[in-house]
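Coordinate-derived values only; no laboratory data. Predicted, not measured: the structure shown is a model, and the values here were computed from it. Please note: Cβ atoms are built from the backbone with ideal geometry, for glycine as well, and neighbour counts cover all protein chains shown.
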Amino acid sequence: MTNSAIELPLEGIRVFELGTAIASPFCGRLMAHYGADVLKIESRVSPDVVRILGSAWIKGRDDLAAAAPDTSPYVPEMNASKRSVGLELKTTAGRKAALALIAECDVFLANFGARALAELGLDYESVSAVNPKIVYVQLPGFGSDPDMPYYSYVAWGPNQAPLVGFDDFTGHASDPPAGIATVAPPDYMSALHAAVATLSGLEHLELTGDGVHVDVSQFETTLALLGPFVMDYDLSGTVHSRIGNRSLWGAPQGVYPCAGHERWIAISATDDESWDVLSSLMKLPDDHFDDPDLRLAQQEQLDSQIGTWTVNFDADDLAHRLQSVGVAAHVVSTNEDLLHDTHTMSRNWYQVASHARLGRDVFSDCAVKLKGTPGRWTDAGPSLGQHTREVLRDVAGMSDEEISQLVSDKGAFEQLEPETLVPRPWDDWIHLLVPGTADARDL
Amino acid sequence: MAGPYNGLRVIDTTGLAGAYATRLFAGLGAEVIRLEPPDGSPLRYLAPFAESIAPPENSLWWSYLAMGTRSVVIEPGDNDSLAQILSSADVIFEDRLPEDSLIDPDLLPDTTVRTSIVPFGLTGPKRSWKSSNLVAWAASGVLYATGFRDRAPVAPAGHVQLALHASAASALVGTLLALRARRKSGEGQQVEISMQEAALAIAPETGVPVFLDDRVHRERSGNRRDLGRPFGLYPCSDGFVSIIVLLPRHWTAMASWVAEATGNETITEEVFEDLGVRMETQDLIDTWVEELTVGQSRQALFDEGQRRGIPVTPVNTVNALLDDPHLKAAKFWSETQLPDGSSVAIPGAPFRTNADWWTMTAAPLLGQHTEFYLG
């Protein structure tokens with residue numbers, strides 16, 4: 001529930017966001033949730049990848065082409081509650097309108113490559129010349145210093161994890177690196193660092209009256225998470241690598257098979273207290289493994305013994321049983337399991353908000369929760385170009401005639417076919433997924 | 001200037017779940033006081049250890065994550081000392097549920113921001129469940145989808161503890177937001193981070209909204225992904241490289257590279273420009289690409305691939321990262337002093353600013369600042 005009387009922490013802050021995919025959009029969404037007016041600057045010539053992905057159920061529907069850029073579920077996952085402003089920055093008129101907006105913004109946030117930003121004339125020097133008080137936060141793959149070796153190198157989500165060592169750390173010790181194929185933790189870690197940097201920049205502005213330039217080189221930012229392994233290599237020459245699901249700190253810890261096809265449980269019982277409980281549940285014949293050093297030394301044997309026990313149980317039942325006696329465990333959730341996760345449902349992890357094209361849409365909540373000033377979702381996600389006119393008019397102070405001229409000069413664009421409305425195929429049963437939203441259709 | 005949070009007093013009672021947050025906070029100027037029991041924080045007992053140093057000062061997790069902070073030992077039952085130190089807290093980080101907390105809320109001023117990082121959040125049927133990095137990934141859908149199909153699922157970069165660092169970074173974001181709200185309201189408040197949600201938030205790829213859309217069961221696909229070809233990890237002379245070819249121009253450049261390096265002209269035939277054809281012939285494409293990669297080093301493939309505009313990166317190992325030419329030229333690596341006076345390499349500041357924000361000092365000895373704060 002949103003209490004509009006509460007002033008949110010970022011109310012009054014306006015963000016100019018040049019984002020694509022994850023790293024900068026995820027940060028901008030967080031700021032929008034906490035009250036900032038986030039202007040997502042979009043292009044039709046080189047669109048954000050989430051505008052290209054579209055939706056499985058709309059494929060082949062040429063009649064819905066105008067709506068397609070609004071239908072990827074990643075649009076709200078990365079952009080809920082922002083305003084979409086269609087500006088073609090490579091045109092002189094489009095760039096001029098962008099600078100007029102920048103003059104009215106507090107934060108500039110971008111994850112375009114450093115060279116691409118410079119070529120657009122939107123590097124820090126150019127932007128701060130227009131707005132010296134700007135908090136300018138950029139997230140290039142390899143930093144914004146053109147003299148550095150990888151300045152012009154390309155990197156994006158799936159390539160960043162191998163680069164920073166995460167892929168080598170992923171997999172069982174005897175296998176080739178499994179890699180992190182499905183998700184992109186470095187993008188999100190960069191986004192969270194960018195949020196810290198932006199909030200620090202706003203604090204800096206309050207304290208000094210000055211703007212600031214923050215360069216979040218995604219390469220460097222993600223490496224900051226490897227500290228102890230870097231130190232150990234420097235001290236002892238040890239090159240840490242993948243160890244499956246095991247822990248350096250105790251045993252057992254692992255993923256064990258359960259009854260059924262591809263059902264697994266994750267268990268961390270690395271301290272003596274957890275081991276005592278687990279071993280008595282397992283009814284081990286002797287106290288062989290009661291010595292923690294022996295458990296670490298003989299993990300192969302220990303794990304296989306646990307696996308022959310867990311395979312007798314339903315994964316979720318066993319997780320409940322283990323947690324009831326204080327052992328950290330959870331079913332290895334499939335995406336289908338998450339649909340039925342009563343815990344996340346009880347916490348309203350999936351949210352519903354109105355959407356100009358879809359009527360309403362479902363998306364994930366924000367993991368950062370403030371009790372006194374809870375964030376809000378004003379919108380599931382902007383339709384491409386939905387707010388071009390209102391933003392150029394209300395923020396940049398352009399007249400309707402000037403805006404229309406800019407649009408016909410192809411320096412800007414507005415939402416296509418606003419009258420084309422396409423509810424998602426599952427719209428009728430959203431209330432089953434998000435309790436309490438049966439009446440939300442009129443949002 | 002000093003960091004923007006200079007003058008702010010932060011109390012940290014957490015272990016690994018909050019440590020990355022307070023390290024960043026300290027780097028940005030905050031005065032971070034770690035309250036430790038007499039035998040030290042649990043972080044002090046985490047391997048790897050520095051061999052030349054005796055416990056409880058030898059953990060490299062402590063030496064890294066506690067940098068910039070101060071250590072105050074509170075004896076069990078010494079509520080006067082606790083009250084004294086809490087009375088001036090702007091922020092307190094905790095990793096326990098309120099009913100298990102060591103902190104009596106009455107000792108905290110109304111202006112204190114109370115940040116709790118707990119396994120499954122402060123509410124809901126699993127609120128008292130325990131967790132770990134592995135368990136958090138299990139509850140996020142990511143674990144199931146990571147690894148080879150014929151092997152047990154594996155956590156992403158397991159012992160790097162990414163799910164915990166994501167929780168900590170989220171907790172710092174929440175804390176900074178709450179401090180901003182305090183500037184307006186004068187009031188502190190509760191910040192809540194569920195470790196499960198911190199992991200879910202960074203994994204929409206396996207989340208419900210995406211599943212509703214495509215109804216595709218997320219399978220483990222090993223180190224290659226069926227989104228394109230080549231797409232994933234390919235063996236080379238000193239390990240692996242990652243090659244991601246999705247865009248038509250990336251394929252054209254890739255095919256010419258393979259043709260020039262291996263004499264394979266077939267790969268440049270027009271038919272393979274179709275992504276669908278490449279997917280149908282993926283074993284063949286992979287074999288051809290491997291003929292290029294197996295004879296060359298990670299760095300050579302990285303530099304040449306990038307020169308050709310293809311998203312190629314090395315699958316780096318820790319030793320290779322310390323030798324990386326870009327990181328060296330950018331003077332990224334920093335160092336810290338261990339208690340025996342030796343210097344050791346560490347990652348530098350996580351981001352760079354044109355204002356002088358970032359400062360770091362060595363991690364404190366157990367109880368190093370007890371006298372200063374309580375004496």
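With contacts taken as Cα pairs under 8 Å at a separation of at least 6 residues, the stretch B:93-135 carries a relative contact order of 38 percent. Straightening the chain between B:Gln84 and B:Arg249 buys 52.9 nm, computed as 0.36 nm per residue apart minus the Cα-Cα spacing. Computed log10 I(q)/I(0) for the stretch B:312-372 at 0.15, 0.20, 0.23, 0.25 Å⁻¹: -0.66, -0.95, -1.07, -1.14, from the Debye equation with unit scatterers placed on every C-alpha and solvent omitted. For the stretch A:157-212, the equivalent ellipsoid derived from the Cα gyration tensor has semi-axes of 37, 9, 7 Å, listed largest first.
The packing ranking, built from the mean of other Cβ atoms within 10 Å per residue, places the peptides A:289-297, A:381-389, A:58-66 in the order A:381-389, A:289-297, A:58-66, highest first. For the stretch B:273-375, evaluate the Debye formula with one uniform point scatterer on each Cα (no solvent term) and list log10 I(q)/I(0) at q = 0.10, 0.14, 0.18, 0.19 Å⁻¹, rounded to two decimals. Ignoring solvent entirely, the Cα scatterers give -0.56, -0.81, -1.04, -1.10. Report, to the nearest 10°, how far helix A:227-236 tilts away from the longest principal axis of the Cα atoms in chain A, using its own Cα long axis and a range of 0 to 90°. So the inclination is approximately 60 degrees. How many percent of the alpha carbon pairs in the protein assembly as shown exceed a separation of 42 Å? Value for the protein assembly as shown (Cα pairs over 42 Å): 28 percent. Taking all C-alpha pairs of the stretch A:78-131, those more than 14 Å from each other amount to 58 percent. Mean residue ellipticity, 222 nm, helices only, chain A: the sum of -39500 (n - 2.57) across DSSP H runs of n ≥ 4, divided by residue count and rounded to 500, is -10000 deg cm²/dmol.
Dividing the convex hull volume of the alpha-carbon atoms in the stretch B:231-322 by its residue count gives 82 Å³ per residue. Here the stretch A:253-339 is treated as an ellipsoid with the same Cα gyration tensor; its semi-axes, largest first and in whole Å, are 23, 13, 11. Using the alpha-carbon positions of chain A, Rg (one decimal) and Dmax (whole number) come out as 25.2, 85 Å. For B:Ser87, B:Ser81, the sequence from fewest to most other C-beta atoms within 10 Å is B:Ser87, B:Ser81. Relative to the compact-globule estimate of 2.2 N^0.38 Å, the Cα radius of gyration of chain B comes out at 1.18. Restricting the calculation to Cα atoms, the stretch B:63-141 yields a radius of gyration followed by a Dmax of 15.2, 45 Å. Each of A:His261, B:His250 has some number of other Cβ atoms within 10 Å of its Cβ, and from fewest to most they run A:His261, B:His250.
Each residue of the stretch A:125-136 is assigned a 3J(HN,Hα), and the resulting list reads 4, 5, 6, 6, 5, 7, 9, x, 8, 6, 8, 9 Hz, derived from the Karplus form 6.51 cos²θ - 1.76 cosθ + 1.60 (θ = phi - 60°), x at Gly and Pro.
When you filter the GluC sites (Glu not before Pro) in the stretch A:1-96 for DSSP loop state and at most 13 other Cβ atoms inside 10 Å of their Cβ, you are left with A:Glu7. In sequence order, the stretch B:201-216 has phi-based couplings of 5, 9, 9, x, 4, 10, x, 5, x, 6, 5, 4, 6, 9, 6, 9 Hz under the Karplus curve 6.51 cos²θ - 1.76 cosθ + 1.60, θ = phi - 60°, and Gly or Pro positions carry x.
Using the Cβ-Cβ distance between B:Asn354 and A:Glu417 with R0 set to 51 Å, the FRET efficiency works out to roughly 0.70.
Put simply, the C-alpha atoms of the stretch B:1-75 give a gyration tensor, and the ellipsoid matching it has half-axes of 22, 14, 10 Å, longest first. Bridge orientation summary for chain B: considering DSSP beta bridges with both residues in this region, about 40 percent are antiparallel. For B:Lys331, the lysines whose Cα comes closer than 29 Å to its Cα, not counting residues fewer than 8 places off in the same chain, are A:Lys133. State, as an integer percentage, the relative contact order of the stretch A:253-339 based on alpha-carbon contacts under 8 Å between residues 6 or more apart. About 43 percent, as a whole number.
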